[in-house]
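Heads up: the structure comes next, in structure tokens.
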Amino acid sequence: MNVSRQGTQYAAWVGTCGVLMSLTTGSGGQTQGKDSFAEMVRQGRRPRLTVVISIDQFRNDYLRRLTEFYLPAKQKNGQPGGFRYLMTRGSYFTDARYDHYPNYTGPGHATILTGSHPYKNGIVSNDWWDKATLAPVYCVDDPTWKVVGMTEGSRAKPMGAKNLRSTTVGDELKLATNGQAKVVTLALKDRAAILLGGHTQDVSIWFDEYTGRWISSTAYCKNGRLPEWVEAVNAEDFPGKSLGMVWEATAPAEALAKSKPPKLAPTREPYGMGGVFPHKVGTARTRNNLRAFALTPKGNEYVFNTAKRAIVAEKLGQDTIPDILAINLSTNDYAGHAFGPYSPELTDLTIQTDKQLADFLGFIEKNIPGGLNEAIIVVTGDHGVVPIIENLKEDNIAGDRILDARIEEAAQNALSAAFGARAWIGKNAEGKQVGIYAEPCLYLSDAAMAMAKASNKATTNAEIEEVAAKAVAAIPGIYACYTRTQIINGQVPLTEITRRVIHGFHPKLSGDLVVVTDLQALTEPVSIGPYATSHGTPYVYDTHVPILISGMGIRPGVWGDAVAPSDIAPTLSALLGVELPSGCDGTILRSALK
């Protein structure tokens, strides 16, 4: 829940009821148009197909900075364009910001269709540490299931939505229709597909980078087999046939001139593709080369083509029972990490994404009754990205890279000096990992804290946490370090940053300390630079993403409302006529509903 915007949860509920009342009566109780949300409610009409497209690492500025290079809203052949179609025919929210910390793929995708934040939905990061088992947890780890579709050479593990504690819009739709509605998700990243769909989806598939195939788990393939249409896509082997391809820039020279290549040639070549255009993908069928394929525009093409097959094979949108298709374009994140947000590569990829999106919208127009007028299309991002730090420094803007080991070392040394030399973080004498920095949380050894208190060197966990926090906060490039005790007891100053920290802190999952870097600073497990970047911070370049929503009941317009991606879920719930997801914090995007 966005404390600054929404007040108490009760007030948010009352406000939602008020929104529905005002939007179904119109101002002064006047009836609205036949295609309005009000008439949808009165007549029981709902969109045949709701399509949610999450573009990984898609910052809001990509839409405005490159608008002139996108296809027109309506092309000469009469087909819809891409981004400009949605910006013109739908609602475009220019000030949508994630209201949690950290900003990674897992938490972002958990938020989009649950409408909730990690403090409720439990997806506190991509990975976290389990103090009970002294082992890491991946956000969609679920060993109760088995991998489906795995072939020789794969090292895939079973995945599911066990760690997601909230329902999704898809779950609520399945419950409301007694399972008649279909919910299908797909993405190159397993966590993106699974967390968009949730617990009850009919089909969820993701990319096995070891073999280049779509795979799933028995969480979604109860019979232990992939759907026939997925096997048919696998047999066509688009990834394998793309090995050896060359990615050359296709964007206009004027667009590339707006990009910012590094002043010094990168010393690194992601997956052996070369540091500058043209980028060649290797020919051998190796994990490295399949990752390289996924980093090029061909990766997005593969996802869109598979989504088209899903629409046809699963008969999505073919009757009056609403269906949901949610996809993630992971390629934009892979390329963003490798080349940065202002690079020629991201410029070219984004312009190609626009064309691919237009083609996909045209497919929907032709393949469901009533076309796009009977559908809802949502486009957003799961997080942004920090600009390339070396580029910033070349322009005299401060930036920093901080190794995780430096954070662990500072806390370990301070705690040993204050309370006795023992394994507070890292491995104990038996070689067992007892504490770790799992961004953004530092987990201290419970055994070490208990020993310090038993020996009267410390009286409380809060005292121990405070010593570690001061040591970590003193590291150059660290903005602040908040303790578990401070957060749980409400002892942090309520700022934009700490609000996001609170929204990202789950009392049963988060660590003993939450570390926040300075602006333009990153923590890294190992050095990924120079001229590579990441995300996760609570700052605007990581939180600010677009929300585009178009279709049945949606009012065209550009809105500067202060909104959040958590508002997508309640808006779709209202359009679909289903209950809000169980953990929902967001409120309806009332500007979007006509």
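The values are calculated or read from the model by the stated rules, or taken from the named source; none is laboratory data. Only a predicted model underlies this, so the values are computations on that prediction, with no experimental measurement involved. When we count neighbours, we look across all protein chains shown, and the Cβ atoms used for this are built from the backbone with ideal geometry, even at glycine.
Among the conditions (1) touching a residue at least 60 places away in the same chain (Cβ under 8 Å); (2) in contact with a Lys or Arg (Cβ under 8 Å, 6 or more places away or on another chain), the only one that THR67 does not satisfy is (1).
Contact annotation: no residue pair with Cβ atoms under 9 Å, 6 or more positions apart or on different chains, pairs a residue in region 170-185 that is assigned by TED's automatic domain parsing to the domain that holds ARG48 with a partner that is of a type in the set (Lys, Arg) and in a strand (DSSP E or B).
If I filter region 523-535 for residues that are over 30 Å from ALA335 (Cβ atoms) and of a type outside the set (Gly, Ala, Ser), do I get at least one hit? Checked against the condition, which is being over 30 Å from ALA335 (Cβ atoms) and of a type outside the set (Gly, Ala, Ser), region 523-535 yields no hits at all. Screening THR533 against (1) within 30 Å of ILE368 (Cα to Cα); (2) touching a His at 6+ places or on another chain (Cβ under 8 Å); (3) not in a helix (DSSP H, G or I) leaves a single unmet condition, (1).
Every residue, every condition in (1) within 29 Å of VAL578 (Cβ to Cβ); (2) at pLDDT below 95; (3) outside the structural domain of VAL501 (by TED's automatic domain parsing); (4) aromatic (Phe, Trp, Tyr), yes or no:
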position	(1), (2), (3), (4)
ILE112	yes, no, yes, no
VAL124	yes, no, yes, no
ASP127	no, no, yes, no
ALA135	no, no, yes, no
TRP145	yes, no, yes, yes
LYS157	no, no, yes, no
THR167	yes, no, yes, no
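Please work out if ILE55 is touching a residue at least 60 places away in the same chain (Cβ under 8 Å) and not assigned by TED's automatic domain parsing to the domain that holds GLY371. Taking the combined requirement at face value, the residue does not satisfy it. With the structure loaded, tell me whether GLY384 is touching a His at 6+ places or on another chain (Cβ under 7 Å) and either not assigned by TED's automatic domain parsing to the domain that holds TYR482 or not β-branched (Val, Ile, Thr) (or both) or whether it fails that test. Here the answer is yes, as GLY384 does meet what is asked.
Taking the listed residues VAL514, VAL501, the one that is assigned by TED's automatic domain parsing to the domain that holds ILE436, in contact with a Phe, Trp or Tyr (Cβ under 6 Å, 6 or more places away or on another chain), in a strand (DSSP E or B) and surrounded by 23 or more Cβ atoms within 10 Å (Cβ to Cβ) is VAL514, with no other qualifying. The conditions of being in the same structural domain as ASN77 (by TED's automatic domain parsing), outside any helix (DSSP H, G or I) and at pLDDT 95 or above are met by VAL378. Per the listing GLY370, GLY362, the residue uniquely on the phi > 0 side of the Ramachandran plot, touching a residue at least 12 places away in the same chain (Cβ under 8 Å) and either touching a strand residue (DSSP E or B) at 6+ places or on another chain (Cβ under 9 Å) or of a type in the set (Gly, Ala, Ser) (or both) is GLY370.
The C-beta contact set for region 282-295 (first residue of a type in the set (A, V, I, L, M), second residue surrounded by fewer than 16 Cβ atoms within 10 Å (Cβ to Cβ), distance under 8 angstrom, 6+ apart or interchain) comprises ALA292/GLY272. Within region 440-465, which residues are crowded, with 16+ Cβ neighbours inside 10 Å and modelled with pLDDT under 95? The one that is crowded, with 16+ Cβ neighbours inside 10 Å and modelled with pLDDT under 95: ALA458. Residues that are surrounded by 22 or more Cβ atoms within 10 Å (Cβ to Cβ) number at least 3 in the following strands (runs of 3 or more DSSP E) confined to region 118-199: 183-187. When the residues of region 556-577 are filtered to those that are surrounded by fewer than 23 Cβ atoms within 10 Å (Cβ to Cβ) and in contact with a strand residue (DSSP E or B) (Cβ under 6 Å, 6 or more places away or on another chain), the one that is nearest to ILE478 (Cα to Cα) is ALA562. The set of residues in region 406-426 that are without any contact (Cβ under 8 Å) to a residue 24 or more places away in the chain and at negative phi comprises GLU409, GLN412, SER416, ALA417, ALA421, ILE425. For THR250, are the conditions met, namely being in contact (Cβ under 8 Å) with a residue 40 or more places away in the chain, in a loop (DSSP other than H, G, I, E, B) and surrounded by fewer than 22 Cβ atoms within 10 Å (Cβ to Cβ)? When the stated conditions are applied, THR250 passes them.
The single condition among (1) at positive phi; (2) of a type in the set (Gly, Ala, Ser); (3) surrounded by 22 or more Cβ atoms within 10 Å (Cβ to Cβ) that SER550 does not meet is (1). Taking the criterion of being part of a loop (DSSP other than H, G, I, E, B), within 18 Å of VAL516 (Cα to Cα) and either within 10 Å of the chain's Cα centre (by Cα) or small (Gly, Ala, Ser) (or both), the residues of region 99-117 that qualify are ASN103, TYR104.
Here PHE93, PHE83, PHE69 are screened, and the one residue that is closer than 26 Å to ALA257 by Cβ and buried (at least 24 other Cβ atoms within 10 Å of the Cβ) is PHE83.
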